[in-house]
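Heads up, the thing below is written out as structure tokens.
FYI, it's all coordinate maths here, none of it is from the lab. None of these values were measured; they are calculated from a predicted model. Cβ coordinates were reconstructed from backbone atoms using ideal geometry, including for glycine residues, and neighbour counts include every protein chain displayed.
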């Protein structure tokens, strides 16, 4: 079977979608014994994962961007010719004019925030994502949703038939399961962290709720605040100038590290006292599962997909309540036994989220569609 995957998200700086696509593609390539896997628009292999730069060389990136922009011109038939080389073409969210006459079209449903919370995105992102919904998701023969919550929202908002959507959870990179104390100590040293710390990882954008996290840290009791720092990791996205100022000139006890390389992230995560992820909405929430895979106790929002992923194995809070977030941080800081229990349970829960399983289910999804 010939499967073509749209890998456009690997061309530029990104966060969650880029991480998902990189590991998903790699795992499918390893698992596809009898299937031919090709990528659009690279027509070749991909390099290492780098959120700040393309995963291919500069020349190939330029040519790939030209191909994507040309393909996204409405009524442009260029991808129909490309589609002849595949039995299934799987679109990601950057492509809005995929082939549909020459191949079976599938696509990924990440989240519905551009429909539900457009105020948390820049207008250009909202417009592009709504186009993706109309031109790709509505037209696809079948879709992969990365969580039950994303599937439910897609059914309600886009009126997609439930039987056209398969939920296939992403996985967690093996490095988060195998990281040890030496790697954690080395990462802390590289970043100048000499105190216990609470950790947040993610793009700095409005729906990630970073301002309320900073407020919660400021409000925790003085003994806990004196003992623990709050470490914020992630590139500055489309957050407000006020949020940027708070991170660039933080209050005492708050450390903003900015972008941290993929190689350094497992050690930095494993060294945390607890992981705090009070996002207002997540289609999946990979940083949460990465922390759980490291055996780090986690605090997460009880809304969107985070409660679905964490179950009873993390502390769930109302993301709109600074007091709840602060109380959860204090409780974990003051209870070693609770940290140990949640860390152990979280690690067991995360163990079922493996990229090999994701790849097997994805290939089965493609074969099921081809046989219809």
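Cα centroids of the range 162-206 and the range 345-362: 15 Å apart. Each part reduced to its alpha carbon centroid, the range 98-154 and the range 265-309 end up 24 Å apart.
How big is the shadow of the Cα convex hull of the chain, averaged over all directions, in nm²? That works out to 17.7 nm². Relative to the longest principal axis of the Cα atoms of the chain, helix 148-158 runs at roughly 50 degrees.
Peptides 216-225, 89-98, 154-163, 120-129 ordered by packing proxy, namely the average of other Cβ atoms within 10 Å per residue, highest first: 89-98, 216-225, 120-129, 154-163.
P(r) tail for the range 208-282: Cα pairs beyond 18 Å make up 42% of the total.
Between residue 157 and residue 312, the simple spin-label model (points 7 angstrom out along Cα→Cβ) gives 3.2 nm. In terms of other Cβ atoms within 10 Å, 353, 40 run from fewest to most in the order 353, 40.
Going from the fewest other Cβ atoms within 10 Å to the most, the residues 56, 172 appear in the order 56, 172. The listed peptides 22-35, 261-274, 293-306, ordered by packing as a protection proxy, come out as 293-306, 261-274, 22-35 (highest mean of other Cβ atoms within 10 Å first). Shape analysis of the range 174-350 based on the Cα gyration tensor places the equivalent ellipsoid semi-axes at 21, 19, 17 Å, largest first. Tell me the angle of helix 181-190 to the major Cα principal axis of the chain, expressed in degrees between 0 and 90 and rounded to the nearest ten. The angle comes out at about 80 degrees.
If R0 is taken as 25 Å, the Cβ-Cβ distance between residue 115 and residue 48 corresponds to a FRET efficiency of 0.15. Sorting 115, 238 from the fewest to the most surrounding beta carbons within 10 angstrom yields 238, 115. The Kirkwood radius of the range 292-372, taken over pairs of alpha-carbon atoms, gives through the Stokes-Einstein law at 37 °C and 0.692 mPa s a diffusion coefficient of 228 µm² s⁻¹.
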